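Visitor: Next up is a structure, given as structure tokens.
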Amino acid sequence: MSTNEYKTILRIDSSLRGDDSISRRLGDNVVERLLRQHPNATVEHVDLAGGMPSIDAAWVAANFTAAEQRSAVQRERLAASDAAVAQLRRADAIVLTTPVYNFSVPAALRDWIDHVCRAGMTFRYTEHGPEGLLADRPVYLVVASGGVELGGPVDFASTYLRQVFRFIGISDVHLVGAERTAADSDAAVAGAMRQLDQRLPAVAGAVA
Ligand SMILES: Cc1cc2nc3c(=O)[nH]c(=O)nc-3n(C[C@H](O)[C@H](O)[C@H](O)COP(=O)(O)O)c2cc1C
């Protein structure tokens, strides 16, 4: 096994549309391509369609309490967040799929972001401003929009997600965009597949 062979691919899906979801179908394709390059990798799957508990006052208080001073209740309150951060840390690559919902991302993905942006764990404050603490790694960011031009002035989804990853130390983000699915979903998917053929060329054409 070469040293840069992936052991773990983390896949996170957030569309509420299940099998009808364009972003999830494209995510399947990305994962398949990665597995052809890294056949021994394990895929860990987080499906946010069922929601993720929002952080609340007790969560914030627990997070702001020094780790060694947290009560058992506080440790329990942070357990899901700790697990989400650990999952991110061990991922060699991340495939994150999302639709654009109301110019941004689905609420459960927003909740997941609250759980993984943890001062002292995934970022820290310095005199020069915040600094990401996670090692860089590839992120395949699959975004489907009904009408919004990805990267355009009202795309607060892909630009937001890029900033979240940058904030925690990850800047190797590859956007795979199926944009304007409402106008022509076949054309949107074909455009995303062309981007994929460029970004994961080693297996271009090998995946249907
Ligand atoms: C609740 C909701 C809000 C949406 N808001 C937007 C939006 O603000 N901008 C946009 O371009 N498309 C919007 N869409 C359309 C979806 O982004 C589009 O249908 C996308 O292809 C869905 O991805 P999926 O097939 O993976 O679920 C919205 C769809 C839903 C269900």
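The values are calculated or read from the model by the stated rules, or taken from the named source; none is laboratory data. Owing to the predicted nature of the structure, the values given are computational and were not obtained by experimental measurement. Cβ atoms come from the backbone with ideal geometry, glycine included; neighbour counts cover every protein chain shown. These accessible areas exclude ligands, DNA and RNA; they are computed on the full protein's heavy atoms, side chains included. Shrake-Rupley method; radii C 1.70, N 1.55, O 1.52, S 1.80 Å.
Visitor: Measure off, as a whole percent, the carbon and sulfur share of the 1.4 Å-probe accessible area of the chain, all protein chains present.
Guide: 51
Visitor: Give the calculated FRET efficiency between residue 45 and residue 183 to the nearest 0.05, with a Förster radius of 30 Å applied to their Cβ-Cβ distance.
Guide: Once rounded, the FRET efficiency stands at 0.50.
Visitor: Hey, with R₀ at 45 Å, roughly what FRET efficiency would residue 65 and residue 4 work out to, going by the Cβ-Cβ distance, to 0.05? Walk me through the numbers before you get to the answer.
Guide: Details: r = 38 Å, r/R0 = 0.85.
That pair, residue 65 with residue 4, gives E of 0.75.
Visitor: Fully extended, how many nm does the chain gain between residue 197 and residue 90 (0.36 nm per residue separation, minus their Cα-Cα distance)?
Guide: Roughly 35.9 nm would be gained on extension.
Visitor: Need one number: nm distance between label points at residue 36 and residue 54, each 7 Å from Cα along Cα→Cβ, rounded to one decimal.
Guide: Result for the modelled spin labels: 4.3 nm.
Visitor: If you add up the charges near residue 40, with Lys and Arg at +1 and Asp and Glu at -1, over every other residue whose beta carbon is less than 13 angstrom from its beta carbon, what do you get?
Guide: Numbers: positive: 7, 36; negative: 5, 92.
Taking every Cβ under 13 Å from that of residue 40, the sum is 0.
Visitor: Quick check for you: which residues of segment 180-196 have the amide N under 15 Å from the point 7 Å beyond the Cα of residue 154 toward its beta carbon?
Guide: Those under the cut-off are 180-183.
Visitor: Go ahead and run the numbers for FRET between residue 17 and residue 127, Cβ-Cβ distance against an R0 of 35 Å, rounding to 0.05.
Guide: 0.15
Visitor: Now, a different point. Residues of segment 8-203: accessible area per residue at 1.4 Å, in Å²?
Guide: Values: 9310 Å² over 196 residues.
Solvent-accessible surface per residue comes out at 47 Å².
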